[in-house]
1. Could you put 102, 34 in order, starting from the residue whose Cβ has the fewest other Cβ atoms within 10 Å?
2. Mind computing the radius of gyration and Dmax over the alpha-carbon atoms of the chain? Å is fine for both.
3. Counting alpha carbon pairs within less than 8 Å and at least 6 residues apart, what relative contact order, in whole percent, applies to the chain?
4. Quick check: the distance between the Cα centres of segment 105-157 and segment 1-35, to the nearest angstrom?
5. Under the rule of -39500 (n - 2.57) per DSSP H run of 4 or more residues, summed and divided by the residues of the chain, what mean residue ellipticity at 222 nm is obtained, to the nearest 500 deg cm²/dmol?
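Any read-out appearing in this document is the output of simple, stated calculations on the displayed coordinates, not a laboratory observation. Keep in mind that this is a model prediction, so the values were computed, not measured. Cβ sites come from the backbone with ideal geometry, for glycine too, and all protein chains shown count toward neighbours.
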Amino acid sequence: MQLEVSIQTCVSLPEAIAAEEIWQNRFDRWLEDVSSTDADALPEASSYELSFRLTDDGEIQSLNRQYRHKDQPTDVLAFAALEAELPPTVAEVPLYLGDIVVSVDTARHQAQQQGHSLETELTWLAAHGFLHLLGWDHPDEASLQAMLDRQVQLLDRIGTAIELDFSPHASGS
């Protein structure tokens, strides 16, 4: 199973955090995990694509205002492309999952509050956005907790441990 991730970094970050290979590897492993454990969550396709953008509070606030009518910055936005029913068989072209946009400014602040690294926070938010692209949502406390638990599993999959003893903060998507 192949996943092509288009990565755009619009802010200054250390190469160890912004490296395309690192993000490609994370999303590849998450896709592998989802396809083996949540078979219903992923439509069958020959390959997949998604866009991942690391930006600042100004840009994410603009997107949040335009698409969610909330004139404030947020941590992560996910724009799922799979909201419509797909035909039973997908063509041989890659299936576009959607776009994930993360504010590095907000992530930096949240990482300090939570006592972990910026890289961990960005990875946490990327996993949250990825699950949204696959149809996960959190309209109530129970579904939010299920989604947060699944995020922890995805982070475990790539060797990033995170404690879930804090109040949820991935609220933008």
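1. Working: 102 29, 34 20.
Ascending Cβ contact count within 10 Å gives the list 34, 102.
2. 15.4, 45
3. Numbers: 280 pairs, mean separation 39.6, N = 173.
Relative contact order comes out at 23 percent.
4. 15 Å
5. Values: 6 runs with 78 residues, N = 173.
Mean residue ellipticity, 222 nm, calculated: -14500 deg cm²/dmol.
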